[in-house]
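Working notes, structure below.
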Amino acid sequence: MSGEPAQVPSDSDADAETGPKDIETGADAVVRALENAGVEHLFGVQGGAIMPVYDALYDSEMTHITMGHEQGAAHAADAYGIVSGEPGVCMATSGPGATNLVTGLADSNMDSDPVIALTGQVSTDFVGSDAFQETDTVGVTTPITKANFFADDSEAVGTDVGTAFALAKRGRQGPTLVDLPKDVTKGEASEDPGEPQTPSTYNPPETAEPESVSEAADVLAQADKPVILAGGGVIKAEASEELREFATEHEIPVITTMPGIGAFPEDHDLALEMAGMHGTGYANMAITLTDCMLAIGTRFDDRLTGGVETFAPDAEVIHVDIDPAEISKNVEADYPLVGDAKAVVKQLSTAMPHAPEADSWREQVQEWKAEYPMDYSAPEDEPVKPQYIVERFDEETADDAIVTTGVGQHQMWACQYWTYKEPRTWVSSHGLGAMGYGVPSAIGAKIAAPDQEVVCFDGDGSFLMTCQGLSVAVREDLDITIVVLNNAAIGMVRQWQDAFFGERHMASEYPWVPDFDTLAEAFGARGFRIDTYEEVDEVVEEALAYDGPSVVDAHIDPGENVYPMVPSGGDNGLFALAEDQL
Amino acid sequence: MSRRDEDRRQGLEGPEPEERKRPVGRRNSQGIRVDPEVEAEHEPRRTIISAYVENEPGVLARVSGLFHRRQFNIESLTVGPTQNEGYSRITLVIEEPEPGIDQAKKQLEKVLPVVHVRELDNKPVARELVILKVNGDEPDKVQAITEMYDGQTLDAGPRTVTVQITGDESKIDDAIDAYEQFGIREIARTGQAALARGEEETARVDETHT
């Protein structure tokens with residue numbers, strides 16, 4: 001346990017020489033707190049109540065990226081946090097600025113992504129009077145942030161920001177918010193807020209109890225049908241390497257959740273890829289029939305479990321999580337191991353007496369991979385299949401290329417038909433399922449990793465929600481490729497209408513979508529269009545080669561739906577491979 | 001290139017759902033592995049949870065919001081300052097199945113100003129205060145009932161009598177029943193406040209939180 005907060009560094013002589021601007025106001029302290037935390041980039045939109053903070057940023061070395069909409073600022077910060085592992089920072093003014101952040105913060109909260117939001121607020125003497133652009137931002141965001149603070153003291157506001165930063169990163173990660181009244185940021189301050197510190201009451205566990213670890217290791221070693229279920233927590237804890245070693249040494253098949261994609265290389269023999277609603281058939285067979293599941297850093301979301309009554313009903317569950325409240329929340333843990341995933345996997349590795357003797361299970365798993373391969377048909381004379389486009393981009397990009405997505409059918413195809421090999425290369429909105437995540441997340445990912453290729457798969461519906469972000473990509477000259485898998489519909493809704501609402505396509509078809517390639521050109525980006533298989537290779541090559549933002553308007557088969565599929569609340573083992581199995 | 005040959009069957013293939021291997025086990029709706037032959041849901045039970053919290057603005061809103069948003073079945077919630085300046089004690093009575101009680105405690109612990117949470121299971125000292133206003137037509141009878149329940153008369157006039165009763169929950173319920181005959185005009189109940197019995201700790205208070 002390391003409950004001790006980091007020590008505040010004393011002002012060094014070096015500082016005095018290079019001479020950072022003296023702290024005169026609360027806003028200066030806010031900026032200094034961010035600098036002390038090592039922040040390099042901020043995503044936001046200017047506005048009345050946040051102006052003092054922006055003014056203080058004028059003299060800072062940090063780069064502010066002005067977004068087209070605050071939702072984009074929050075999503076960009078979220079993606080920045082996923083890709084870099086360091087909290088992304090988003091800024092907005094009071095009232096509408098802050099409420100526009102809400103979708104992004106709710107998304108970060110569901111996915112435990114490290115994000116800090118700084119919001120302007122009306123002056124404290126106006127608070128509560130329904131003043132112009134006033135919203136109770138702390139009240140609005142309480143259910144969707146890990147912690148939030150109303151700053152009421154100019155001298156303490158820098159410390160508030162530091163605390164928010166530390167809390168976003170430490171323990172179970174998540175979004176934090178500091179609401180900054182204008183008089184507080186304009187008010188006098190002089191103290192350097194020092195390095196970020198968490199409150200003394202916040203002491204997340206690090207390692208699990210050794211007795212529990214050895215008990216769990218014994219159970220796993222004796223399993224006949226073991227699996228590892230790797231969640232987003234594996235990536236957050238930087239435990240991918242440890243997981244690979246552990247699974248390979250003990251030859252245990254690895255399933256991932258959607259946020260866990262990239263935690264284990266999908267081209268590995270032991271990889272079963274993603275389980276759940278649109279998971280692979282083999283992952284869902286294995287997750288249903290396993291007798292011992294080592295679940296690491298997952299919260300057993302319903303999109304993964306289906307109905308809990310039929311979720312791994314034969315399995316003893318060993319659950320590793322840093323948040324005690326996740327233990328037995330949705331699925332009972334027989335062996336809870338509360339601690340940091342990286343530390344606990346190391347503990348387990350030491351405690352394992354031997355690999356499970358499970359040769360017939362390993363064979364069975366390989367048989368399922370052969371029985372239920374991820375595949376699709378692609379007749380030449382029909383419209384282009386989206387899966388093919390995803391595969392072609394995968395083939396033409398490096399292993400560490402980052403994929404970001406919007407939300408919908410395209411997201412699932414990007415998940416299923418791209419082979420992820422590295423952590424922090426899959427950036428998506430999982431728990432909240434926020435349409436519009438695609439374009440801003442591509443911006444945030446590219447800012448975080450300028451040397452890695454960024455491909456964003458978006459849907460026509462999702463793209464339309466945040467396509468104003470293209471102006472940002474053009475202004476910042478970001479080399480990102482946005483592939484709109486265009487089926488002229490909110491395709492996932494239409495798929496559900498096909499399956500469960502008698503093909504009544506109420507409000508799901510988008511016959512009026514613009515030409516996205518022309519739209520891209522209007523923004524100053526490059527636009528490409530795909531209508532036939534013949535065009536795919538050339539467009540893939542040119543779009544990737546173009547050194548700047550490009551948009552590929554890929555007209556795909558509107559009749560193509562996402563399979564396999566487990567209906568909501570269904571039994572994972574009974575996944576449907578086509579509509580007639582639903 | 002993994003485009004399929006045209007002569008192959010459309011879409012994904014594999015055994016039909018009914019041809020696949022099936023597990024023998026079962027879980028209940030609470031995610032707990034159960035005997036496949038027996039129905040086993042946890043029945044709700046009532047319990048008292050005590051939380052020692054830092055006295056910062058909004059802490060009660062955070063706690064009540066948490067209980068509302070996670071749909072915990074809350075019976076009463078009381079809050080008041082403690083002997084330590086800057087700290088308050090919240091007493092919650094909830095009725096939930098076992099997993100819900102467990103989850104409520106864990107979620108409460110996650111609220112930042114909450115220092116410590118404990119379920120009081122060993123017959124805690126629990127008391128509630130009620131103030132009742134009844135019609136004053138039969139003051140003697142009202143007085144008799146008040147004495148029976150060790151209550152006090154707080155206000156008596158020609159038309160109304162207002163009394164206070166303190167005690168455990170069942171005593172208060174009984175007293176309210178007894179006053180029904182006079183016609184109850186208004187009731188204000190505080191909800192339960194509770195401490196663990198004897199030397200047992202209610203919620204941890206170490207030297208850093210006093």
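The values are calculated or read from the model by the stated rules, or taken from the named source; none is laboratory data. Predicted model, so just to flag it, every value in this text is computed and none were measured. Methodologically, a virtual Cβ is constructed for each residue, glycine included, from the backbone with ideal geometry; neighbour enumeration extends over all protein chains shown. What goes into the accessible areas is simple: the full protein's heavy atoms, side chains included, and nothing from ligands, DNA or RNA. Shrake-Rupley method; radii C 1.70, N 1.55, O 1.52, S 1.80 Å.
Where in the stretch A:61-143 are there helices (runs of 4 or more DSSP H), lying wholly inside it, with at least 1 residues that are within 14 Å of chain B (Cβ to nearest Cβ)?
So the answer is A:96-111, A:137-141.
Identify the residue in the stretch A:256-270 that is of a type in the set (A, V, I, L, M) and within 21 Å of the chain's Cα centre (by Cα) and, among all such residues, is most open to solvent (accessible area, probe 1.4 Å).
Per the criteria, the residue is A:Met258.
Do you know which of the residues in the stretch B:11-44 that are of a type in the set (Lys, Arg), open to solvent by 80 Å² or more (accessible area, probe 1.4 Å) and in a loop (DSSP other than H, G, I, E, B) is farthest from A:Lys329 (Cα to Cα)?
For the stretch B:11-44, the residue satisfying everything is B:Lys21.
Quick one: in the stretch A:307-348, which of the residues that are among the polar types (S, T, N, Q) and at the interface with chain B (Cβ under 7 Å from one of its Cβ atoms) is farthest from B:Lys21 (Cα to Cα)?
Residue satisfying both the conditions and the ranking: A:Ser328.
Please name all residue pairs, on different chains or six or more residues apart, with Cβ atoms under 8 Å, provided the first residue is in the stretch A:461-488 and is on the phi > 0 side of the Ramachandran plot and the second residue is open to solvent by 10 Å² or more (accessible area, probe 1.4 Å).
Sorted first by the residue in the stretch A:461-488, then by its partner, the pairs are A:Ala488/A:Glu509; A:Ala488/A:Tyr510; A:Ala488/A:Pro511; A:Ala488/A:Val513; A:Ala488/A:Pro558.
Do we find a residue being under 29 Å from A:Asp375 (Cα atoms) and in contact with a strand residue (DSSP E or B) (Cβ under 8 Å, 6 or more places away or on another chain) anywhere in the stretch A:465-473?
Within the stretch A:465-473 (the criterion being under 29 Å from A:Asp375 (Cα atoms) and in contact with a strand residue (DSSP E or B) (Cβ under 8 Å, 6 or more places away or on another chain)), the answer is no, since none of the residues qualifies.
List every residue pair whose Cβ atoms lie under 6 Å apart, where the two residues are 6 or more positions apart in sequence or sit on different chains, the first residue falls within the stretch A:231-255 and is free of Cβ contacts under 8 Å to residues at least 40 places away in the same chain and farther than 12 Å from A:Ala355 by Cβ, and the second residue, located anywhere, is assigned to a loop (DSSP other than H, G, I, E, B) and open to solvent by 10 Å² or more (accessible area, probe 1.4 Å).
Going by the 6 Å Cβ cut-off, the qualifying pairs are A:Val254/A:Leu270.
Which pairs turn up if I take residues in the stretch A:397-424 that are at pLDDT 95 or above and look for partners that are among the charged types (D, E, K, R) and not in a loop (DSSP other than H, G, I, E, B) with beta carbon separation below 7 Å, at least 6 apart in sequence or on another chain?
A:Thr405/A:Asp458; A:Gly406/A:Asp458; A:His410/A:Asp458; A:Tyr417/A:Glu391; A:Trp418/A:Asp394; A:Thr419/A:Asp394
Give the residues of the stretch A:144-166 that are in a loop (DSSP other than H, G, I, E, B), under 26 Å from A:Arg299 (Cα atoms) and open to solvent by less than 40 Å² (accessible area, probe 1.4 Å), sorted by residue number.
Correct list: A:Thr145 only.
Can you tell me which of A:Ala49, A:Ala92 is crowded, with 24+ Cβ neighbours inside 10 Å and either under 25 Å from A:Leu464 (Cβ atoms) or among the basic types (Lys, Arg) (or both)?
A:Ala92
The rows are residues; the columns are (1) facing another protein chain (nearest Cβ under 9 Å); (2) at pLDDT below 90; (3) touching an Asp or Glu at 6+ places or on another chain (Cβ under 8 Å).
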site	(1), (2), (3)
B:Ser2	yes, yes, yes
B:Arg8	yes, yes, no
B:Glu18	yes, no, no
B:Glu43	no, yes, no
B:Val53	no, no, no
B:Val59	no, no, no
B:Gly65	yes, no, no
B:His68	no, no, no
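When the residues of the stretch A:470-522 are filtered to those that are part of a helix (DSSP H, G or I) and of a type in the set (D, E, K, R), which remaining residue is nearest to A:Phe393 (Cα to Cα)?
A:Asp517
I need the strands (runs of 3 or more DSSP E) fully contained in the stretch A:284-375, keeping only those with at least 3 residues that are basic (Lys, Arg) and over 27 Å from the mean Cα position of the chain (by Cα).
In the stretch A:284-375, no matching strands (runs of 3 or more DSSP E) lie anywhere.
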